[in-house]
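Right, one structure below, let's go through it.
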Amino acid sequence: MENQILQFRGELDEAKLYYQPSDEFDKTVKTRYEKMPADIFATAEKGAKWVAHEIANLIKAKAENNDSCVLGLATGATPLGVYAELVRMHKEEGLSFKNVITFNLDEYYPMNNKSAQSYNYYMDDVLFNHIDIPREQINVPDGEVSKEGIFNYCSEYEAKIDSFGGLDMQILGIGRTGHIGFNEPGSQLDSKTRLIMLDALTRRDAAKDFNGLNKVPKAAITMGVGTIFKAKRVILMAWGEGKAPIVKKALEEGQSDSVPASYLQRHNDVQFVLDVPAANELTRVKQPWLVGSVEWDRYWIRKAVVWLCNKLEKPVLKLTNRDYNDNGLSELLAWYGSAYEVNIKVFNDLQHTITGWPGGKPNADDSNRPERAEPGQKKVLVFSPHPDDDVISMGGTLKRLVDQSHEVHVAYQTSGNIAVADDEAIRYLSFVKSFAQTHDTNEAICQV
């Protein structure tokens, strides 16, 4: 019984992925839905190291010709691995940055440049303080420039980039709104360095770094899309499943100011560098049968049929031969001979995952169920990304596990302190204090 379950889990965990082309022809086939070149790495660490070595090779090539290397740099979590590898290469391999001139993409506004949340501080902390780049060759937007002088400051920043002949290479991340730099949706292709208001989603994503949404600046100074476009080469990085939906929009859908990163489709030397989770919504990763052959094991059969059901809004047992043939699944049909055979296999497979005993039913033959029957009572650990997600997403399952005498624990992966604004928390505490005083409850409560 356990062997069957473990075998099924192994099939899911070790499912073969088909995102890596075997040759140039295969690459053309697999990436035909993608409008820009993209390389997918098994991990973010491997992708970051590749980008760092591309930067290092450019620096060395420029140094050999006694030329300056003008780099456009990004901030945030995405390029941290790149900067760590560049620092390592400087310290262990003698990579010199003396011929490098840097221009950072953006900075919050207003922002104290010495604040731990500023990008000036960030760049010193993760890169500049650890390499031999001359300080006068570092350029990061000034978050302290006066409001009256900000227009001229942005124009001068743009002109300074142009005075060096533009950027040799620009590295980018991508925000969940599709922004590059802080060019939020609505930014135009010819936009230049300027002050811009931040999207609400961008500010929410930054709230964890500022210990609260109300502390996140509402504006930023950013290079424009047009400024980025003047770079001779652009590398955009994205790590993690949170970026997968916007990566798909930028890579596989048309150009739109609602996704500023999609403008990069017009650049003549751009490359996306992704880890597998960030690429998870791309066709070659999520529906590989649409761009090539698949070894039809249990995992891919289930995945393909569920996808087809969702696409056609039909139940499994109602799928027909034509449904399979018209949606790129004729190969699967050929394996099993008819839609009926595939449908029954997947229907039974899915049905056997349904149980009223999520922890396994004691003294029962549950060989086809996802959880083993023995031992009868188990210790269950539920990971919740945010307080209340556990109850909202699986409250019924939690109750059933408790009712069936399992030992259940919930691990919250965030404190939740940024979910509630300070003033709301203070208002609630004031109410508790007032209530306690009115009803003469415990003195300790009154001291809140």
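The values are calculated or read from the model by the stated rules, or taken from the named source; none is laboratory data. What you see is a predicted model; the values in this text were computed from it and never measured. Neighbour counts are summed over all protein chains in view; Cβ atoms, including those assigned to glycine, are modelled from backbone coordinates with ideal geometry.
Selection of segment 332-364 for residues being farther than 30 Å from Gly376 by Cβ and surrounded by 14 or more Cβ atoms within 10 Å (Cβ to Cβ) yields Leu332, Leu333, Tyr336, Ala339, Val342, Asn343, Ile344, Lys345, Val346. Taking the listed residues Ser262, Ser256, the one that is assigned by TED's automatic domain parsing to the domain that holds Asn152 and in contact with a Phe, Trp or Tyr (Cβ under 9 Å, 6 or more places away or on another chain) is Ser256, with no other qualifying.
If you go through segment 267-325 and keep only what is of a type in the set (Phe, Trp, Tyr) and out of contact with any strand residue (DSSP E or B) (no Cβ under 8 Å at 6 or more places or on another chain), you end up with Trp289, Trp296, Tyr299, Trp300, Trp307, Tyr324. Quick one: in segment 146-162, which of the residues that are assigned to a helix (DSSP H, G or I) and more than 16 Å from Phe229 (Cα to Cα) is farthest from the chain's Cα centre (by Cα)? Here the residue is Asn152. When the strands (runs of 3 or more DSSP E) confined to segment 67-118 are screened for residues that are of a type in the set (D, E, K, R), under 29 Å from Asp209 (Cα atoms) and modelled with pLDDT under 95, none reaches at least 2 such residues.
How many of the residues making up segment 290-326 are assigned to a loop (DSSP other than H, G, I, E, B) and modelled with pLDDT of 95 or more? Give the derivation first.
Step one: list which residues in segment 290-326 are assigned to a loop (DSSP other than H, G, I, E, B), which gives 291-297, 313-315, 319-320.
Narrowing the set further to residues that are modelled with pLDDT of 95 or more leaves 313-315, 319-320.
Selection size over segment 290-326: 5.
Residues in segment 228-261 that are buried (at least 16 other Cβ atoms within 10 Å of the Cβ) and among the acidic types (Asp, Glu) were compared, and the one that is nearest to the chain's Cα centre (by Cα) is Glu252. Kindly indicate whether Gly337 is over 30 Å from Glu253 (Cα atoms) and without any contact (Cβ under 8 Å) to a residue 40 or more places away in the chain. For Gly337, the condition - over 30 Å from Glu253 (Cα atoms) and without any contact (Cβ under 8 Å) to a residue 40 or more places away in the chain - is met. Kindly establish whether Ile133 is part of a loop (DSSP other than H, G, I, E, B), more than 28 Å from the chain's Cα centre (by Cα), more than 20 Å from Asn183 (Cβ to Cβ) and modelled with pLDDT of 95 or more. Here the answer is yes, as Ile133 does meet what is asked. Of the numbered criteria (1) touching a residue at least 60 places away in the same chain (Cβ under 8 Å); (2) over 28 Å from Gly47 (Cβ atoms), the one Met237 fails is (2). Taking the criterion of being free of Cβ contacts under 8 Å to residues at least 12 places away in the same chain and within 18 Å of Gly224 (Cβ to Cβ), the residues of segment 243-283 that qualify are Gln255, Ser256.
Could you tell me whether Asp365 is more than 30 Å from the chain's Cα centre (by Cα), on the phi < 0 side of the Ramachandran plot, part of a loop (DSSP other than H, G, I, E, B) and at pLDDT below 90? Reasoning before the result, please.
On the way: more than 30 Å from the chain's Cα centre (by Cα): yes; on the phi < 0 side of the Ramachandran plot: yes; part of a loop (DSSP other than H, G, I, E, B): yes; at pLDDT below 90: yes.
Yes, satisfied.
When Asn120 is tested against (1) in contact with a Lys or Arg (Cβ under 6 Å, 6 or more places away or on another chain); (2) buried (at least 17 other Cβ atoms within 10 Å of the Cβ), only condition (1) is not met.
Any residue at all in segment 163-175 that is within 20 Å of Leu58 (Cβ to Cβ) and aromatic (Phe, Trp, Tyr)?
Narrowing segment 163-175 to residues within 20 Å of Leu58 (Cβ to Cβ): 163-173.
This time we only want the ones that are aromatic (Phe, Trp, Tyr), so: 164.
Yes; the residues of segment 163-175 include at least one that is within 20 Å of Leu58 (Cβ to Cβ) and aromatic (Phe, Trp, Tyr).
Would segment 206-218 turn up any residue that is out of contact with any Pro (no Cβ under 6 Å at 6 or more places or on another chain) and within 25 Å of Arg32 (Cα to Cα)? No, that holds for no residue.
For segment 56-70, check the following and say yes or no: at least one residue is buried (at least 22 other Cβ atoms within 10 Å of the Cβ) and within 20 Å of the chain's Cα centre (by Cα). Within segment 56-70 (the criterion being buried (at least 22 other Cβ atoms within 10 Å of the Cβ) and within 20 Å of the chain's Cα centre (by Cα)), the answer is no, since none of the residues qualifies. Do we find that Ala219 is at pLDDT below 95 and in the same structural domain as Ser68 (by TED's automatic domain parsing) in this structure? Spelling it out, it is not the case that Ala219 is at pLDDT below 95 and in the same structural domain as Ser68 (by TED's automatic domain parsing).
Each residue in segment 194-213 was checked for being touching a Ser or Thr at 6+ places or on another chain (Cβ under 9 Å), touching a residue at least 40 places away in the same chain (Cβ under 8 Å) and of a type outside the set (A, V, I, L, M), and 2 pass. Just checking, how many residues over segment 250-271 are under 15 Å from Asp199 (Cβ atoms) and out of contact with any helix residue (DSSP H, G or I) (no Cβ under 7 Å at 6 or more places or on another chain)? Matching residues across segment 250-271 total 2. Among the residues of segment 149-168, is there at least one that is under 21 Å from Ser262 (Cβ atoms) and either touching a residue at least 40 places away in the same chain (Cβ under 8 Å) or surrounded by fewer than 20 Cβ atoms within 10 Å (Cβ to Cβ) (or both)? Yes: segment 149-168 contains one or more residues that are under 21 Å from Ser262 (Cβ atoms) and either touching a residue at least 40 places away in the same chain (Cβ under 8 Å) or surrounded by fewer than 20 Cβ atoms within 10 Å (Cβ to Cβ) (or both). Taking segment 364-402 as the range and being in contact with a helix residue (DSSP H, G or I) (Cβ under 9 Å, 6 or more places away or on another chain) and without any contact (Cβ under 8 Å) to a residue 24 or more places away in the chain as the test, the residues that pass are Glu374, Asp390, Val391, Leu398.
Scan segment 1-54 residue by residue and report those that are among the hydroxyl-bearing types (Ser, Thr, Tyr) and either part of a loop (DSSP other than H, G, I, E, B) or at pLDDT 95 or above (or both).
Going residue by residue through segment 1-54, those that are among the hydroxyl-bearing types (Ser, Thr, Tyr) are 18-19, 22, 28, 31, 33, 43.
Tyr18, Tyr19, Ser22, Thr31, Tyr33, Thr43, listed by residue number.
Within segment 214-227, at least one residue is touching a helix residue (DSSP H, G or I) at 6+ places or on another chain (Cβ under 8 Å), buried (at least 16 other Cβ atoms within 10 Å of the Cβ), assigned to a helix (DSSP H, G or I) and in contact (Cβ under 8 Å) with a residue 24 or more places away in the chain.
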